[in-house]
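Since the structure comes first, as structure tokens, the remarks are kept for the end.
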Amino acid sequence: MFDSVIFTLAGRPVLLIDLVSSVLGLVCVFLAGRNSKYNFWAGYLYTVALFFLFWNRNLYANLLLQPVSLTINIIGHYRWTHPRPGEHSSQHHGSLKVSMLSWTERLISLVGVLLVAGLWGWTLDKLFPADPHPYLDSCVTVLILLAQLLSALKKWDCWVVWLLVNVSQIILHMSVGNVLMSIVCGLYLVNGLWSLASWMKLYRKNG
């Protein structure tokens, strides 16, 4: 069922699973950008959809990362709805407030991304030589996991990372002629810019 072709775009078939995962992903980030805890429910469905998408495309390296994404999603759902003392939002009772990373934490995150992405890219290059962009692919993957983790902790910085992810994914998908995902990532980019400003307002109002 999921491998049914719905329509073609720029000569490439768009499958049902492509469309479902794209819609769920957009719903998830739209709700997250609007500080809604319901983004996690969309995120659970999105993770399942991506699992089937990667299974259908034989992208097992990405498929194996979905349990990690699901775990981060569960942690984020709990953290957003069970803030610790001093972490409560002044705008939304019982919700985690928006906070920021320190410059030291940002530097550690950057170094961590470069090291993990380099190692993962080398691994992909050895295990999956058919991957045309192993290091770019691994960098995007590591940035996604970092963005998910920061989002789970409700850090404003997550949207900066998501913007880097969006730009990288647009380049990656355009390089392989995946028009649909290039368009979807463009929509992610627009939402990320809006969310960056929106969460900054929440941060200044104590979240």
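Values in this text are rule-based calculations from the coordinates and carry no lab data. All values reported here derive from a predicted model rather than from experimental measurement. Here the Cβ is made from the backbone with ideal geometry for all residues, glycine too, and neighbour counts use every protein chain on show.
Data table
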{"item": "Karplus (6.51, -1.76, 1.60) ³J(HN,Hα), θ = phi - 60°, over the stretch 185-202, in Hz, Gly and Pro reported as x", "result": "5, x, 5, 4, 4, 4, 5, x, 5, 5, 5, 4, 6, 5, 5, 5, 5, 5"}
{"item": "Alpha-carbon centroid distance for the pair the stretch 129-183 / the stretch 13-50, whole angstrom", "result": "15 Å"}
{"item": "Per-residue HN-Hα couplings for the stretch 156-161 [Karplus 6.51, -1.76, 1.60; θ = phi - 60°; Hz; x = Gly/Pro]", "result": "4, 4, 4, 6, 5, 5"}
{"item": "Assigned charges on the beta-carbon of Lys, Arg, Asp, Glu; the chain dipole about Cα centre (debye)", "result": "800 debye"}
{"item": "Whole-Hz ³J(HN,Hα) from phi, Karplus 6.51 cos²θ - 1.76 cosθ + 1.60, for the stretch 148-155, glycine and proline x", "result": "5, 5, 5, 5, 4, 8, 6, 8"}
{"item": "Computed E for residue 115/residue 93 - FRET, C-beta separation, R0 30 angstrom, nearest 0.05", "result": "0.15"}
{"item": "Amide H partners (placed H, <5 Å) of residue 95, local residues excluded", "result": "89"}
{"item": "Mean residue ellipticity (222 nm) of the chain, computed from DSSP H runs ≥ 4 via -39,500 (n - 2.57), nearest 500", "result": "-23500 deg cm²/dmol"}
{"item": "Spacing of the two label points (7 Å from each Cα toward its C-beta) at residue 127 and residue 37, in nm", "result": "3.6 nm"}
{"item": "Computed over the chain, Kirkwood Rh from alpha-carbon pairs, angstrom", "result": "17.8 Å"}
